Each structure stands twice: as structure tokens, then as C-alpha cells.
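Working notes, beginning with the structure itself.
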Amino acid sequence: MKFYTIGVYESTAETFFGKLADNRIDMFLDIRLRRGVRGAKYAFVNSTRLQEKLAELEVGYLHIKALAPSKEIRQQQKQADENNRVLKSQRDELSECFIESYQQEIIKNFDFSELVKELQKQNARNIVLFCVESRPKACHRSLVGDKLKEMGYQVAHL
């Protein structure tokens, strides 16, 4: 089992789905709280359209809401972004307060062994963790990836 992470900002539908095909992704884990993106530019990753396209590509889909940061944790990052005068879509890395809160509230309380069992049950081999930010270190999916690395799994960023 190998894990990847992917974001959508700075992608087109063609490049986004091309990365999934090129890496033979067979399971897509959506770890967003809300499964929509404002505006037409990234409408292809809104829940219904995304799931329809993944089904066409024969890629499984799971929404793992328990890995999404809470509203309070997201608010901490929003405040840090405002203090640093950076847009969410242009952020290079997460703030220390976000990382600490996410690890304590989400990572520490999530049962990764159950997730792995479910993925094994579905014969998933190439699994992608998805959220919107283009840069992995600017997104919580990198923290999930770090935990999976600790467990001995390979994790790469698309």
C-alpha cells in the first residue's frame, strides 16, 4: 500500500485527473470537511462531479470527515494567514498553532489502524489523500502523511 497526497489549486481538471491516472490511484480519500470549492475554476472537485469522474476512472472514493480540521483549528490558520498577509491559496506552510492543534485534536484521536484495515478490505494499493491547497506543507494532508510515514508507509506528493 502506497499513499500520495494531492491538492487542486493551480491545477486544471486535465492535470489533476492525469496525476491520478499516471500514478494508478485506485482509492481517493477526501479529507475535507466541506466537499466544495467556490467558483467555476475548481468545480470539478466539488463532491458530486468529483465522485462521478472518479467512478468513470474506476477509482474508489471515501470521505474521511474525521481527518478534516475543525472549524476552530481552521480559524487558527486563518488568523495566522491574516497576520502574515498571505492568502490561503498562496500559503507555503501551516502555522505552528495549526500543526499543534491538529496533531492533538485530530491525529491523536483518529484510528489509523481501522483506516488501513478498511483500505486493505477494499484492496486499495495506491491511495491519495485530497484537500485543496497546492503545496503539501500548506495543508493538513501533509500531517496525515507524516503519521502514515511513522507507521511505515510510503507517502509521496503529487
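Laboratory data are not the source of any read-out in this text; all were calculated from the coordinates shown. Here the structure is a predicted model, which means the values were calculated and not measured. All Cβ positions, glycine included, derive from the backbone under ideal geometry; neighbour counts span all protein chains shown.
Across segment 81-97, computed HN-Hα scalar couplings (Karplus, 6.51 cos²θ - 1.76 cosθ + 1.60, θ = phi - 60°) run 4, 4, 4, 8, 6, 10, 7, 3, 6, 10, 5, 9, 8, 7, 6, 4, 5 Hz from first to last residue, x flagging Gly and Pro. With R₀ set to 35 Å, the beta-carbon distance separating ASP92 from GLU114 gives a calculated FRET efficiency near 0.60. Per residue, the convex hull spanned by the Cα atoms of segment 1-58 amounts to 86 cubic angstrom. Backbone amide hydrogens, once placed in the peptide plane, bring ASN126 within less than 5 Å of LYS2, ASP26, MET27, excluding anything fewer than 5 places away on its chain. Per residue, the chain reaches -12000 deg cm²/dmol at 222 nm when only DSSP H runs of four or more residues are counted, each adding -39500 (n - 2.57). Summary of packing: across the peptides 144-156, 26-38, the per-residue average of other C-beta atoms within 10 Å ranks them, highest first, as 26-38, 144-156.
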